[in-house]
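Colleague: Below is a structure I'd like to ask you about.
The values are calculated or read from the model by the stated rules, or taken from the named source; none is laboratory data. Source: prediction; values computed, not measured. Ideal geometry is used to build each Cβ from the backbone, glycine not excepted, and the neighbour counts take in all protein chains shown. Keep in mind that these areas ignore ligands, DNA and RNA; they rest on the heavy atoms of the full protein, side chains included. Shrake-Rupley method; radii C 1.70, N 1.55, O 1.52, S 1.80 Å.
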Amino acid sequence: MRYEIRVDGHLSEPLIEVFPELDHVVMSGQTLLFGHVVDEAHLYGLLARCQSLGLRVVEMRQVPE
C-alpha cells in the first residue's frame, strides 16, 4: 500500500531522518511524507512517530500503486 501523510510545517533534516522509509516534499508550509506502507501496524507506527514528535497530521490517505 502507498500512503501520503501531510503534516503542518517544514520538517528539519533531523525530523525527516526519523522517517527513513518515506520520501518527502515540502510545499506551501507543509511537508508531504509518502511511500510504501507494509501493513496497518506499520501505518499506526508512522502515526505514533508523528504524534511523539508533536507533528500535526493534516491529511493521511492511501494512494493507488
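Colleague: Based on what the data block shows, is GLY35 outside any helix (DSSP H, G or I) and surrounded by 12 or more Cβ atoms within 10 Å (Cβ to Cβ)?
Modeller: Criteria met by GLY35.
Colleague: Is there any pair with a first residue in the stretch 13-29 that is under 17 Å from MET1 (Cα atoms) and open to solvent by 70 Å² or more (accessible area, probe 1.4 Å) and a second that is among the hydroxyl-bearing types (Ser, Thr, Tyr) and modelled with pLDDT of 95 or more whose Cβ atoms are under 8 Å apart and which are 6 or more apart or on different chains, and what are they?
Modeller: Cβ pairs passing all conditions: HIS24/THR31.
Colleague: Here is a further query. Is it the case that some residue within the stretch 2-9 is aliphatic (A, V, I, L, M) and part of a helix (DSSP H, G or I)?
Modeller: no
Colleague: Could you pull out the residue among GLU59, GLU65 that is assigned to a loop (DSSP other than H, G, I, E, B) and touching a strand residue (DSSP E or B) at 6+ places or on another chain (Cβ under 7 Å)?
Modeller: GLU65
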